[in-house]
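I have placed the structure first, in the form of structure tokens, so that the comments after it can refer back to it.
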Amino acid sequence: MERLYRSISNFDRSWCSKCVPASDEQIQQLENICAEYGYRVPKVYLDYLKAMGESDGGLLEREWDGYMEPNIHTILELFCDEDFDAKEYLQQGLLLFSYHWTEAHCYLRIRKQEDNPVVTDWENHYFAGSFEKYLFQKAFNMFQEKFKYKSSVGTSINSCDALLKKYSFPCSICGGTAEEKMEFVRWLVVRLLDFYEKEAWFSDNLNYISYNEHYALCANIYHSLLLVISCDDIILKKKIDAQLNSIF
């Protein structure tokens, strides 16, 4: 968590003061629930709870429409709610860590008892390469919001498949391997958009991220292709818009 604190503090010095840790009693309660099903709370998630489990300063709330509820108080309430299915998912090795009112919840895949497990959606689909990467991806979203200008483009499944075909890639959004799809994203970013900055370490099979002091770029292929580029330079924004128009 120390690296996360340092990273966010570089662009938002007030964020740390908003974080509230989970209490020892809350953490013990969650550990007891997991133990009932033969699991333990993953170390990276445990570190998160100890640092900001009651409030993470808005870090994980920003998923979907900005109304996720990752706080430990809500999670424990849901585990005690007989009408909610948190325990049924836990039996399958999926630990609820963030709740959404539309049922678009997020889980940790803890069946293999890893310290830093994969994040999944409510249908057990891959959502982020690890919990640590997910935290930094949400921190990156906060970083993107600090820029003055934003350019974005989103495709439907059909239009993205047409783009893949146009540029002779062998996969489709619903078919092919994750590696093939991310290879297309990397090619798109470097060859067509002229962004050569090194790929961020917290990129994964769904998210391509790169940034420097001048821009922040994120491409996501969870449903189809969503590309967002932020910057402070109006000339750079106009160049990006022209490039996006020529591609899409």
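Here is the list for segment 1-93: GluC sites (Glu not before Pro) lying in DSSP coil, each with at most 11 other C-beta atoms within 10 angstrom of its C-beta, are GLU82. Here semi-axes √(5λ) of the Cα gyration tensor in Å was calculated from the structure, and among (1) 26, 22, 19; (2) 32, 21, 17; (3) 34, 22, 14 it sits at label (3). Under the criterion of Cα pairs below 8 Å and six or more residues apart, the relative contact order for segment 105-189 equals 13 percent.
Taking the chain as the reference, fit the longest principal axis to its C-alpha atoms, fit the long axis of helix 178-187 to the helix C-alpha atoms, and give the angle between the two in degrees, 0 to 90, nearest 10. Tilt relative to the chain: about 40 degrees. Summing Lys and Arg as +1 and Asp and Glu as -1 over all other residues whose Cβ lies under 10 Å from the Cβ of CYS19 gives a net charge of -1.
On the protein heavy atoms, probe 1.4 angstrom, tell me the percent of accessible surface of the chain carried by carbon and sulfur. Accessible surface attributable to carbon and sulfur in the chain totals 48 percent.
Reducing segment 201-226 and segment 1-60 to their Cα centroids gives an inter-centroid distance of 24 Å. Between helix 157-166 and the chain there is an angle of about 40 degrees, using the helix long axis and the longest principal axis of the Cα atoms. Counted residue by residue at 0.36 nm each, then reduced by the alpha carbon distance between them, the extension gain from GLU180 to LYS238 reaches 17.9 nm. Lys/Arg Cβ at +1, Asp/Glu Cβ at -1, dipole of segment 141-248 taken about the Cα centre: which of SER159, ALA216, MET182 is farthest positive-ward? The listed residue farthest towards the positive side: SER159. Summarised in one figure, the compactness ratio Rg/Rh of segment 7-123, Cα atoms and Kirkwood Rh, is 0.96.
Among residues other than ASP115 whose Cβ falls under 15 Å from its Cβ, what is the net charge (Lys/Arg +1, Asp/Glu -1)? In short, +3. Seen from LYS146, the other residues with C-beta closer than 10 Å to its C-beta sum to a net charge of -2, counting Lys and Arg as +1 and Asp and Glu as -1.
Mean sequence separation of contacting Cα pairs (under 8 Å, at least six apart), scaled by the length of the chain, corresponds to a relative contact order of 14 percent.
Ranked by solvent-accessible area (1.4 Å probe, protein heavy atoms only, all chains present), the residues LYS50, LYS198 order from largest to smallest as LYS198, LYS50. Between helix 43-52 and the chain there is an angle of about 90 degrees, using the helix long axis and the longest principal axis of the Cα atoms.
Among the listed pairs LYS133/LYS165; LYS43/LYS181; LYS165/LYS239; LYS148/LYS181; LYS146/LYS198, a Cα-Cα separation exceeding 27 Å is found for LYS133/LYS165; LYS43/LYS181; LYS148/LYS181.
The values are calculated or read from the model by the stated rules, or taken from the named source; none is laboratory data. What you see is a predicted model; the values in this text were computed from it and never measured. Quick reminder, even Gly has a Cβ in these numbers, built from the backbone with ideal geometry, and neighbours come from all protein chains shown. Heads up: the accessible areas ignore ligands, DNA and RNA and are worked out on the full protein's heavy atoms, side chains in. Shrake-Rupley method; radii C 1.70, N 1.55, O 1.52, S 1.80 Å.
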